[in-house]
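Here's the structure we're looking at; comments come further down.
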Amino acid sequence: MFLRRRRACLLAMAMLAALPVQAQEMVEVIKRVKPAVVAIGTFQQTRSPSADFRGTGFAVGDGLSVITNAHVLPAALNTEQKEMLGIITGEGAAPVFRTATVAAVDKEHDLAHLRISGTPLPVLKLQDSDKVEEGQMLGFTGFPLGMLLGMRHVTHRAMLSAHTPLAMPASTASRLDAKMIAQIQRSSLMVFQLDATAYPGNSGSPLFDPATGGVVGIINMVYVKGVKENAVSNPSGIAYAIPGNYISRLLQGK
């Protein structure tokens, strides 16, 4: 009995001692992650406001590639009024807009690869998403309220609650809609379910490992939630992410 209690006490002490180390790891990782995370939007000089925030993205590779969700991109640009697609960098009240072009789109996994020119951005490295386990602590950084916060990066911690299929089987045929049927027919895509609340502005946010800063997924709050939670109109305390290995395939042209 005494030995069991002693082991339990030692285990508890070890866990408590590890907490400050984990917290410090997160502090340092956030410092590295934030410069690589950008806003995605459009710019039109004659519009008020001239910049239209649409979601979040992050730089990878050579610093001139930016990854975001495909649904974040506008369906079309108003070329007559010289509307431009681009990224918004910086923090606070003086953001900088940089034009971007669409290099590739993966509609099935709701991913888009943008290219920018000029000075390369700090980048995030991709990490094997197949090795992420349920119960693992993760983080994501983005712009949940867009311009309302004056372009301030916001980071959340989240536990991976489950690997779950994107298209949930309906109990009756009457509960199936066209979007769900199309997704079931396309693939059996597995996504990450997280115990955190994310908002539409978080779409495109990198989901990262707090120990390394490596990206293991990309937050998706419109494409996924529209299928998984058709009946939920308010934040439910659940977020979803597309596994990061699909990003690697997009960059490789697969």
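The values are calculated or read from the model by the stated rules, or taken from the named source; none is laboratory data. What you are looking at is a predicted structure, and each value in this text was computed from that prediction instead of being measured. Here the Cβ is made from the backbone with ideal geometry for all residues, glycine too, and neighbour counts use every protein chain on show. Remember, those area values only see protein heavy atoms, side chains included, never the ligands or the DNA or RNA. Shrake-Rupley method; radii C 1.70, N 1.55, O 1.52, S 1.80 Å.
Listed by chain and number, the aspartates and glutamates whose alpha-carbon sits under 18 Å from that of Lys82, ignoring those within fewer than 8 places in the same chain, are Asp52. Of the peptides 60-73, 42-55, the order by per-residue mean of other Cβ atoms within 10 Å, starting with the highest, comes out as 60-73, 42-55. With N the number of residues in the range 30-138, Rg(Cα) / (2.2 N^0.38 Å) evaluates to 1.14.
Rolling a 1.4 Å probe over the protein heavy atoms leaves Arg98 with an accessible area of roughly 50 Å². Counting Lys and Arg as +1 and Asp and Glu as -1 over every other residue whose Cβ lies under 13 Å from the Cβ of Met151, the net charge comes to +1. Protection proxy ranking, highest mean first, for peptides 29-41, 122-134: 29-41, 122-134, where packing is the per-residue count of other beta-carbon atoms within 10 Å, averaged.
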